[in-house]
Amino acid sequence: MFLAIQDAVNTGKGTVSLRGWVYRTRGSNVLKFIVLRDGTNIIQCVVEKEKVTPETWAAAEKILIESSVEIEGDLREDKRAPTGYELGVKNLKIVQLAERFPITKDQSTEFLLDMRHLWLRSRELTTVWKVKAAILTAVREYFAQHKYIEVTPPIITGSSCEGGSTLFKLDYFGEEAYLSQSAQLYLEALIFSLDKVYAITPSFRAEPSKTARHLTEYWHCEGEAAWMNFEQLLTFMEGLLSHVVQTVADTCAEELKLLGRNPADLKKIQPPFPRITYDEALQILKKDGIEVPWGKDLRTEEEEQLMKHYDKPLIVTRYPKKIKAFYMKDDPENPDVVLCCDILAPEGYGEIIGSSQREENIDILKRKITAQGENTEHYNWYLDLRRFGSVPHSGFGLGIERVVRWLCKLETIRDAIPFPRTIKRKTP
Ligand code: 4AD
Ligand code: MG
């Protein structure tokens, strides 16, 4: 609700002054309805020619949507209205008379993306920003409850974390540098200072594909903890995800409904989450008639098929070593697979978390780097972490927009971020 209305209701004041933007107008030559919008909600304001000054009436007649205004009026209860109130206008002052708004009904997706700086005021997107803020708050809350310290890793880096193919290169004073794909290597360094750390930063992936789940710039929430083993990692991530989902279902019920997501369905997302291995995933797919050769990564279609069997996030562990990153620890029971885990969201929203226990032994780690065709020289500082007090440790990365997309039931990840960056788009 508009703060001024909340205030008036609390203090019993009948007259309020509101500021905002014109969301819609309609009416006749004696009566105008102006729906006013601010960051909190919308409210209908009624202007009656007979009851206002000629200046106010003239303003009401010429006003266009998205004009900024100040409106003074009497608050009237209206059970059907979104806020429960409507306003009988006494005074209307146009702060800036908007030009004709370029966005009208039924415009193409590309046009709306070109107009993103204006379209982000839409009710749907405004609602998404609120849910996203609630997700970030809940994430921070969970880390704080578990005594993790928030840290600030660099964005410009000389080291690749997730392989060269999706690296954005940068001319760094004549030398090659990259935009960070993941803060992980730096978080690994910071656990030796703080034990348990997390960061929420932008990550960059030069993803050449245009899909509903890839951005080239996204917000990445990553956690890393000394002494944490694989089992503890799985339990921590399960706890974090359910805390986020439960909190958002409780605090954003209205917003979720507006987006077409029933909060009651989210309330069912409680631990334990189902856990399967990569091998078991292949068996399930095989029964469904989909043959994935051992050693191949699961593609989007295969993940979607797999998720038809589950209505909670699915924990998939122990993928083949050869398709996973160099820093992941071998499974002591099967050296062909690593102690890694992807968490897949229900309803086909795909991978939301990537994680693993890390290899802590310097010789094995060097061998893994070399086996992936990389030069150990480039990881000298990182290898120091295995030279000076190495300990077992684990960590994960959660894609914030992937979670936003899932909880808000968005068709595409682009609507989970105000200014999406994709292969074809860097403006506005
Ligand atoms: O699985 P990824 O690549 O794992 C890592 O980067 C690890 N270093 C994280 C860690 O252990 N600290 O990425 C982690 C998550 C994915 O599960 C996905 O949710 C998200 O980041 N993600 C993307 N989100 C949007 N657009 C993209 N192009 C993404 N790529 C990954
Ligand atoms: Mg991954």
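At a glance:
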item	result
Residue in segment 327-340 that is farther than 24 Å from Asp265 by Cα, touching a residue at least 40 places away in the same chain (Cβ under 8 Å), within 16 Å of ligand 1 (Cβ to nearest atom) and hydroxyl-bearing (Ser, Thr, Tyr) present	yes
Candidate set from segment 238-251 (those that are more than 14 Å from Glu141 (Cα to Cα) and of a type outside the set (Gly, Ala, Ser)); member that is surrounded by the fewest Cβ atoms within 10 Å (Cβ to Cβ)	Asp250
Qualifying positions in segment 382-400 - out of contact with any Lys or Arg (no Cβ under 8 Å at 6 or more places or on another chain) and either within 10 Å of ligand 1 (Cβ to nearest atom) or free of Cβ contacts under 8 Å to residues at least 24 places away in the same chain (or both)	Asp384, Phe396, Gly397, Leu398, Gly399
Residue list for segment 333-349, restricted to those being away from ligand 2 (no atom under 15 Å from the Cβ) and either within 21 Å of Gln305 (Cβ to Cβ) or surrounded by fewer than 17 Cβ atoms within 10 Å (Cβ to Cβ) (or both)	Glu333, Asn334, Pro335, Asp336, Pro346, Glu347, Gly348
Filtered residues of segment 149-168 (kept if within 13 Å of ligand 1 (Cβ to nearest atom) and either closer than 20 Å to Ala371 by Cβ or not aliphatic (A, V, I, L, M) (or both))	Pro153, Thr157, Ser159, Ser160, Cys161, Glu162, Gly163, Ser165, Thr166, Leu167, Phe168
Selected residue (criterion: farthest from Pro332 (Cα to Cα)) from residues of segment 350-382 that are among the hydrophobic types (A, V, I, L, M, F, W, C) and surrounded by fewer than 18 Cβ atoms within 10 Å (Cβ to Cβ)	Trp381
Matching residues in segment 214-261 - criterion: being free of Cβ contacts under 8 Å to residues at least 60 places away in the same chain and either out of contact with any helix residue (DSSP H, G or I) (no Cβ under 8 Å at 6 or more places or on another chain) or of a type in the set (A, V, I, L, M, F, W, C) (or both)	Glu231, Thr235, Ser242, Ala249, Ala253, Glu254
Count of segment 33-78 residues which are in a strand (DSSP E or B) and polar (S, T, N, Q)	2
Residue selected from segment 169-185 under the condition under 25 Å from the mean Cα position of the chain (by Cα) and more than 10 Å from ligand 1 (Cβ to nearest atom), by the criterion nearest to Met237 (Cα to Cα)	Leu179
Count of segment 33-53 residues which are in contact with an Asp or Glu (Cβ under 8 Å, 6 or more places away or on another chain) and aliphatic (A, V, I, L, M)	2
Subset of segment 353-368 (residues that are within 16 Å of ligand 2 (Cβ to nearest atom) and out of contact with any Gly (no Cβ under 6 Å at 6 or more places or on another chain))	Ile353, Ser355, Ser356, Gln357, Arg358
Condition broken by Gly348, with the remaining ones in (1) away from ligand 1 (no atom under 13 Å from the Cβ); (2) closer than 30 Å to Val131 by Cβ; (3) touching a residue at least 60 places away in the same chain (Cβ under 8 Å) satisfied	(3)
Total residues in segment 79-102, condition over 18 Å from Asp38 (Cβ atoms) and either at pLDDT below 95 or in a strand (DSSP E or B) (or both)	4
Filter result for Tyr382 (under 14 Å from Cys161 (Cα atoms), in contact with a helix residue (DSSP H, G or I) (Cβ under 8 Å, 6 or more places away or on another chain) and not β-branched (Val, Ile, Thr))	yes
Count of residues meeting criterion [more than 20 Å from Ala98 (Cα to Cα) and in contact with a strand residue (DSSP E or B) (Cβ under 6 Å, 6 or more places away or on another chain)] in segment 49-64	0
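Results for (1) at pLDDT 95 or above; (2) loosely packed, with under 14 Cβ neighbours inside 10 Å; (3) at positive phi, shown as yes or no for each residue.
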{"site": "Ile5", "(1), (2), (3)": "no, no, no"}
{"site": "Thr15", "(1), (2), (3)": "no, yes, no"}
{"site": "Tyr23", "(1), (2), (3)": "yes, no, no"}
{"site": "Asn29", "(1), (2), (3)": "yes, yes, no"}
{"site": "Val35", "(1), (2), (3)": "yes, no, no"}
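For (1) surrounded by fewer than 15 Cβ atoms within 10 Å (Cβ to Cβ); (2) away from ligand 2 (no atom under 16 Å from the Cβ), each residue gets a yes or a no:
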residue	(1), (2)
Arg100	yes, yes
Gln107	yes, yes
Asp114	no, yes
Leu118	yes, yes
Val128	no, yes
Tyr148	no, yes
Pro153	no, yes
Ile156	yes, yes
Gly163	yes, no
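The values are calculated or read from the model by the stated rules, or taken from the named source; none is laboratory data. Quantities reported herein were computed from a predicted structural model and do not represent experimental measurements. Here the Cβ is made from the backbone with ideal geometry for all residues, glycine too, and neighbour counts use every protein chain on show.
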